[in-house]
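Notes to accompany the following structure.
The values are calculated or read from the model by the stated rules, or taken from the named source; none is laboratory data. Note that the coordinates shown come from a computational prediction; the quantities given were computed from them, not determined experimentally. Glycine gets a Cβ as well: all are built from the backbone with ideal geometry, and neighbour counts include every protein chain shown. Keep in mind that these areas ignore ligands, DNA and RNA; they rest on the heavy atoms of the full protein, side chains included. Shrake-Rupley method; radii C 1.70, N 1.55, O 1.52, S 1.80 Å.
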Amino acid sequence: MPPAPGLSPEEFRLHGHSVVDWIADYLASPESRPVLPDVRPGEVLARLPAAPPARAESMDAILADFRDVIVPATTHWNHPDFLAYFANTGTAEGVIGEMLAAALNVNAMLWRTGPAQTELESLTLDWLRQMMGLAPEFKGTITDTASSSTLYALAAAREMSPELSLREKGLPGRDLPQLFVYASGEAHSSIDKAVITLGLGRSGLRKVPTDSDLAMDPAALSSMIEEDRRRGAIPLAVVACVGTTSTTAVDPVRAIADVSARERIWLHIDAAYAGSAAILPEMRYILDGAEGAESLVVNPHKWLLTPMDCSVLFTRRPDLLKRAFQIVPDYLTVTEPESVVNLMDYGVSLGRRFRALKLWMVIRSYGVEGLESVIREHIRLAADLAAEIRSEPGFELLAEPKFSTVVFRSTRGTTGPEVNDRNRRIVEAVNATRKTFISHTTVRGMNAIRIAIGNLRTGAANVRSAWELVRKADSEI
Ligand SMILES: Cc1ncc(COP(=O)(O)O)c(C=O)c1O
């Protein structure tokens, strides 16, 4: 008989151990590499064969390419100087969870195809619900990203108006009024994408004005909905953002929930980044009023030490989520009672990775108090940086940091475009050093510098170093 292809158990043990050693070293000192690689587009492709190998290659050769080609061209999100976008952490505990999930290779589409996986997802998300102080009615489901979670939430929102029969009849060729979703102009582009994907068109997303803190104005929301109804449109949902991407502004959830309850529309809360902060008793206020929401998304893969990918969609209306997505072809029928959860019913994907395992391992390994202290420290580091910026002539904060993200700019320059250009160049110059990685945003038309703390290993020295690089770049432009 020809030998079975693939690694023998002994070979797997050998390579597996060496890979675990590599991971241990990597996670012990991600700062030994530059956070940003010195690589140009196309360089990785040019170093690897364009055609697949006809014959089996040795794991030694494959791992050598991983080490020599892939790793040097990687942006290291695990690096303590990664301060761009929303920084995250792939903890060792999370990596163990990923390894074991890959080994089991379960597809938990049905309870029977993954009993432990289905039930662990339900248990772990109920832990997270308790940690965030959400009402017991919220049931969680794991998706890949907040973009998917929001898409699913808005698909479920359509089921709140069964008379429209959107699931069965769709939109084309029907004489329907315009269907609207509301969100502030600061909301994440994933809301636009969800609205586009659901066939409502970009004009189906109504951008609600914001106040001086860039948070949604609930009175404006209320009048927009009234006006739209008067014109014959049908409001379907509102998305409140707790922690906007640009400045981490917090929409007033309770006031928005009052409007959504009065108008009988779905309230979805996008707390992809900042929702994790609600595990701190002193930050719980950010979700005040969330009991009035139909759904909420939070990404443990952003600020809760869980490796990519792990987004959680909580909903008080799992029945409507299921109504939006459940389709059971013959080959997927089961004999378990209707009350038994089959994860395939709660989203677009049939197949389900075992993502709950890594989150469960992270929560158990750190404990709620351990996770709280990481987030609390990040918030403290951001507050310290904000204090420095406030007292530095020639710089100004563009938003008061509530979480771990600081948004500011250099004010040097005589005209608006000149100041904007200076700030764009500062970010470019700082990142060109490859000693730190920061990002940019626009606040009320002003180009801004954005430092986001979210990596477990980021400490005061990393934040200070980024701030000094910003000041140096500003002085040299
Ligand atoms: C507020 C907010 N919502 C949604 C998203 C989208 O997240 P994901 O990459 O998980 O789709 C982001 C990403 O940063 C975000 O900041």
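For this structure, a couple of remarks:
- A full extension of the chain between Arg264 and Ala429 corresponds to an added length of 54.4 nm, given 0.36 nm per residue minus the alpha carbon distance.
- What a 1.4 Å probe finds exposed on segment 352-407 is 51% carbon and sulfur by accessible area, rounded to a whole percent.
- Gain in span if fully extended, His17 to Trp127, counting 0.36 nm per residue against the direct Cα distance: 36.3 nm
- Of the peptides 32-38, 236-242, 160-166, the order by per-residue mean of other Cβ atoms within 10 Å, starting with the highest, comes out as 236-242, 32-38, 160-166.
- Where only DSSP H runs of four or more residues are counted, the chain gives -13000 deg cm²/dmol as its mean residue ellipticity at 222 nm, each run worth -39500 (n - 2.57).
- Each peptide among 125-134, 334-343, 104-113 gets the average number of other Cβ atoms lying within 10 Å of its residues, and from highest to lowest they stand as 125-134, 104-113, 334-343.
- Listed residues Pro172, Phe66, Ile96: farthest to the positive end of the dipole of segment 64-198 (Cβ charges): Pro172
- Protein accessible area in segment 39-106, 1.4 Å probe - carbon and sulfur %: 62
- The chain - share of DSSP beta bridges that are antiparallel (%, nearest 5): 55
- Ranking Ala156, Ile453, Val35 by Cα position along the charge dipole of the chain, where only Lys, Arg, Asp and Glu carry charges on their C-beta atoms, puts Ala156 farthest toward the positive end.
- Dimensionless Rg/Rh of the chain - Kirkwood Rh, Rg from C-alpha atoms: 0.99
- Dipole magnitude for the chain: computed about the Cα centre from +1 point charges on Lys and Arg Cβ and -1 point charges on Asp and Glu Cβ, it is near 720 debye.
- Distance between the C-alpha centres of segment 243-280 and segment 284-355: 18 Å, rounded to the whole angstrom.
- Whole-Å distance, taken between Cα centres, linking segment 13-86 and segment 87-107: 17
- Label-to-label distance for Glu476 and Glu392 is 1.5 nm, based on points extended 7 Å past Cα in the beta-carbon direction.
- Normalised by residue count, segment 85-244 yields a Cα convex hull volume of 170 Å³ per residue.
- Dimensionless Rg ratio for segment 261-413, taking C-alpha atoms and the 2.2 N^0.38 Å reference: 1.37
- Global geometry of segment 320-365, whether rounded, prolate or oblate, following the gyration tensor of its Cα atoms and the 1.5 cut on a/c: prolate
- Apportionment of accessible area to carbon and sulfur, segment 191-257, percent (1.4 Å): 51
- Cα gyration tensor category, rounded, prolate or oblate, for segment 169-318 with a/c compared to 1.5: prolate
- Whole-number accessible area per residue in Å² for the chain, which is evaluated in the context of all protein chains at 1.4 Å: 46
- Extension gain, Thr75 back to Asp384 (0.36 nm per residue minus Cα-Cα distance, nm): 108.6 nm
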